[in-house]
Amino acid sequence: DAGVIQSPRHEVTEMGQEVTLRCKPISGHNSLFWYRQTMMRGLELLIYFNNNVPIDDSGMPEDRFSAKMPNASFSTLKIQPSEPRDSAVYFCASSFVLGYEQYFGPGTRLTVT
Amino acid sequence: DQQVKQNSPSLSVQEGRISILNCDYTNSMFDYFLWYKKYPAEGPTFLISISSIKDKNEDGRFTVFLNKSAKHLSLHIVPSQPGDSAVYFCAASAIKGNKLVFGAGTILRVKS
């Protein structure tokens, strides 16, 4: 079984550019989560969806961040414009039932110069 | 407002001995608890969980203990192996369709 798939694995971009991170959850999972991990703040939940509907986006740091889930098998996290402080590892995770174990993707390491 | 706390940033244990990782929580609504393991350059991997109706759950070398009155849980790894060296995250949720809240993580180093 394929796990959670994220692309790209690494992204280097210049400040001001738009960045789009992609995620394919495990088939059959109804909930999808976007996290950011940094040394300073650890693992932060940015936003999560249940049945493709955004439930809680209170962790999204600024209006520069947006996330969509157009269907059950695909989600994007977009940063526009990107800033150096957005540099982090971004994880996508999915779960079969909200509140139970989540399965994480390998992450996207974003570097904004 | 840290609802899930892992107060030990790191732990070093000799191979073959027991590793004990601790986690405290403040939200009395939490009733489902999980441990995740994370290797560098990989996503966190689900390890073991426990519901609040239990006080112990065991899976091979891994056992999680829950003390609801103290709002404390621990993960025991026996015997510890070098491959267990990783960052361990504690997480909790209030079931009824709620999100997981993660602790800051504890780095475990198992020395051979």
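Residue-wise test of (1) at pLDDT 95 or above; (2) within 26 Å of B:ALA94 (Cα to Cα); (3) buried (at least 21 other Cβ atoms within 10 Å of the Cβ).
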position: A:GLN17; (1), (2), (3): yes, no, no
position: A:ARG22; (1), (2), (3): yes, no, no
position: A:SER31; (1), (2), (3): no, yes, yes
position: A:MET39; (1), (2), (3): no, no, no
position: A:ARG64; (1), (2), (3): yes, no, no
position: A:ILE79; (1), (2), (3): yes, no, yes
position: A:PRO84; (1), (2), (3): yes, no, no
position: A:TYR90; (1), (2), (3): yes, yes, yes
position: A:LEU110; (1), (2), (3): yes, no, yes
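Evaluate region A:56-77: report whether one residue or more is farther than 15 Å from B:ASN98 by Cβ, within 11 Å of chain B (Cβ to nearest Cβ) and either in contact (Cβ under 8 Å) with a residue 40 or more places away in the chain or of a type in the set (A, V, I, L, M) (or both). Scanning region A:56-77 turns up no residue that is farther than 15 Å from B:ASN98 by Cβ, within 11 Å of chain B (Cβ to nearest Cβ) and either in contact (Cβ under 8 Å) with a residue 40 or more places away in the chain or of a type in the set (A, V, I, L, M) (or both). In region A:78-109, how many residues are touching a residue at least 12 places away in the same chain (Cβ under 8 Å), more than 14 Å from A:GLY28 (Cα to Cα) and within 7 Å of chain B (Cβ to nearest Cβ)? Qualifying residue count, region A:78-109: 5. Is it the case that B:LEU21 is more than 14 Å from every other protein chain (Cβ to nearest Cβ), of a type in the set (A, V, I, L, M) and either within 26 Å of A:GLY107 (Cβ to Cβ) or in contact with a helix residue (DSSP H, G or I) (Cβ under 9 Å, 6 or more places away or on another chain) (or both)? Considered against the rule, which asks whether it is more than 14 Å from every other protein chain (Cβ to nearest Cβ), of a type in the set (A, V, I, L, M) and either within 26 Å of A:GLY107 (Cβ to Cβ) or in contact with a helix residue (DSSP H, G or I) (Cβ under 9 Å, 6 or more places away or on another chain) (or both), B:LEU21 comes out as yes.
Could you pull out every one of the strands (runs of 3 or more DSSP E) wholly within region B:67-112 that has 2 or more residues that are away from every other protein chain (no Cβ under 14 Å)? Let's see the steps before the verdict.
Values: elements: B:72-77, B:86-93, B:106-111.
Qualifying strands (runs of 3 or more DSSP E): B:72-77, B:106-111.
On inspection, A:VAL112 does not qualify as closer than 20 Å to B:ASN98 by Cα and more than 8 Å from chain B (Cβ to nearest Cβ).
The values are calculated or read from the model by the stated rules, or taken from the named source; none is laboratory data. Because the structure is predicted, anything quoted here is derived from the model rather than measured. All Cβ positions, even for glycine, are placed from backbone atoms using ideal geometry, and neighbour counts span all protein chains on display.
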